[in-house]
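Student: Just passing along the structure, written as structure tokens.
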Amino acid sequence: MLTSLDFLQQGKPWPPPTEADRLERYAQNRLLFEGKHEQVYKDWIRLLREDQQAILEIVLNWHKRLTLLFADLLLGEPPRITAGDQDSQEQQTVERIIDDNGLFNVAYEVAIDVPRFGTGIFKVRYDGRAIIEGQQPAVWFPVVRPDNLKEITAHVLGYDYETEEPGAFGRRVKRHYLKTEVHEKGKITTTLYELRNGTTIGEIVEQEEANTGVDEFLVVPVNNVLTTDRVTGLDDYSDLDSIIQELEIRIAQISRILDKHADPNMYGPDTALEHDPATGQWGYRGGGKYFPVGQGEQPPGYVTWDGQLEAAFRQIDILMEQLYILSETSAAAFGQLKSGLAESGTALRRLMMAPLAKVNRIRMRFDPALKEVLWLASMLEKAQGMAGAIVLEDIHIDWKDGLPDDEQELTQNEVQRYTAGLTSLESSLRRLYGLEGQALQEEIDRIRSEQAGQGATELPPITLPPAEGAEEGAGEE
């Protein structure tokens, strides 16, 4: 935990030692997400082969699959963001900022970082217009008050890199540098340091301070699970590592057993041997080894092992159950639906209760962060004097659940509400078709016109299909 900017002084180690564990975990989780598990789970070699020559044969990249699942449920169906009426200047501004930055793609990248690192980072800057971009948490170093770790006093973004520069006698010399951006409320201080031996902060090469005109930080973190004694969020991978490692080991061992017994050795009379003129040796052409047995000789025995693979498969089932529980998912989240379990949208949502609850928890963090990012972008454009810039004061985000809609079920629900007088035609059409403004009014006018042409004052009666499980003819006299 960093409580001052002293860690950026000359002679201090880089990166700060207090952040070493966090950065190491980030590096490991990045490898897991990319499927390079053998670089993290180094005990595999010892467990799979005593001669330590084996490599992992099967990688089950649950880390990536789970991370993308929650990002898809959160942003796979983009939310609707409004800041005013359809044709208002505020709405046009928010739509322009979203389109200019590809905001939903940027948010998707940050949403991937939240479960795998525990924290995702938005950054806002100005370059002729407001630019919203994601930052990797490995370059983010929050500075907090010593007496209140929940109050951040500065966000430091630090990037170390190596470059080649001209040296004496025409030779190229490698040099290491550290570039930092210290984000404080209202200003950003950018500094370039020499980095001695790639690990120690040296002299300042150049420094620049800029006023942003916005009395807020231009760095917005989005944390995963956060507790009262933490500055950064908890990642999702730590709880699953041991289970996924055991699954990969167990399945790889089963695969090796099956491969080993798929090519058995043979024994029989030596008359079956053939002479190889190239080598001068006698042998048998077959898949495995052949043991010749002479007259009256005892045939060699072969040590066999009953693998009891049923027990191994049972262990895999138990591990999968624990994986679903700890990852807050279910088989339904991956399309493994048994017949009759999800015959309607409501039934599917019941099976997805755990994943949806987790997405809602992530959404609680994302909603204020996205609103703040859009507000900061508008404030920055206004402060920099961009023509036509206005400040977005009232931003609303209509989130989706990421599940496919059951059109028949939705229509039935709206008809029942309208028939019972519990909703208006306007509200029903808005929910069913997402219509707004002039498009909504035109659709209402067309419906009313058709009703008038039929001589009706109410919507024509609609016959609903029988409820699920209802027997045909039930209730008939």
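The values are calculated or read from the model by the stated rules, or taken from the named source; none is laboratory data. No experiment lies behind these values; they were computed from the predicted model shown. Counting neighbours? That spans all protein chains shown, and the Cβs are built from the backbone with ideal geometry, glycine included.
Student: Does E203 qualify as being charged (D, E, K, R), in contact with an Asp or Glu (Cβ under 6 Å, 6 or more places away or on another chain) and either closer than 30 Å to F7 by Cα or not assigned by TED's automatic domain parsing to the domain that holds P115 (or both)?
Tutor: yes
Student: Which of the residues that make up region 138-180 are without any contact (Cβ under 8 Å) to a residue 24 or more places away in the chain and under 21 Å from A27 (Cβ atoms)?
Tutor: V139, Y159, Y161, H176, K179
Student: Can you tell me how many residues in region 108-121 are without any contact (Cβ under 8 Å) to a residue 40 or more places away in the chain and of a type in the set (F, W, Y)?
Tutor: Number of matching residues: 1.
Student: If you don't mind, another one. Just give me the residues in region 171-196 being out of contact with any helix residue (DSSP H, G or I) (no Cβ under 9 Å at 6 or more places or on another chain) and either among the aromatic types (F, W, Y) or farther than 19 Å from E216 by Cα (or both), in sequence order.
Tutor: Scanning region 171-196 gives R171, R172, V173, K174, R175, H176, Y177, K179, L192, E194, L195, R196.
Student: For region 3-38, enumerate the residues that are among the acidic types (D, E) and over 16 Å from V231 (Cα atoms).
Tutor: Matches in region 3-38: D6, E24, E34, E38.
Student: I've got another one for you. Pairs needed: first member in region 82-107, more than 26 Å from D72 (Cα to Cα); second member anywhere, surrounded by 16 or more Cβ atoms within 10 Å (Cβ to Cβ) and polar (S, T, N, Q); C-beta distance under 8 Å; at least 6 residues apart or different chains.
Tutor: G84/Q91; D85/Q91; T93/S378
Student: Could I ask something else about it? If a residue has to be modelled with pLDDT under 90, part of a helix (DSSP H, G or I) and of a type in the set (S, T, N, Q) to count, how many in region 343-374 make the cut?
Tutor: Summing the residues that are modelled with pLDDT under 90, part of a helix (DSSP H, G or I) and of a type in the set (S, T, N, Q) in region 343-374 gives 1.
Student: Here is a follow-up. Under 8 Å by Cβ, and 6 or more places apart or on different chains, what pairs join a residue from region 195-206 that is closer than 17 Å to P17 by Cα and modelled with pLDDT of 90 or more with one that is of a type in the set (A, V, I, L, M) and not in a strand (DSSP E or B)?
Tutor: Note: pairs meeting the criteria are I201/L8.
Student: Okay, next question. Could you list all residues from region 189-213 that are in a strand (DSSP E or B) and under 26 Å from A377 (Cβ atoms)?
Tutor: T189, T190, T191, E208, E209, A210, N211
Student: Then there's this: May I ask you to list the residues in region 379-398 that are in contact (Cβ under 8 Å) with a residue 60 or more places away in the chain, β-branched (V, I, T) and part of a loop (DSSP other than H, G, I, E, B)?
Tutor: Scanning region 379-398 gives I390, I395.
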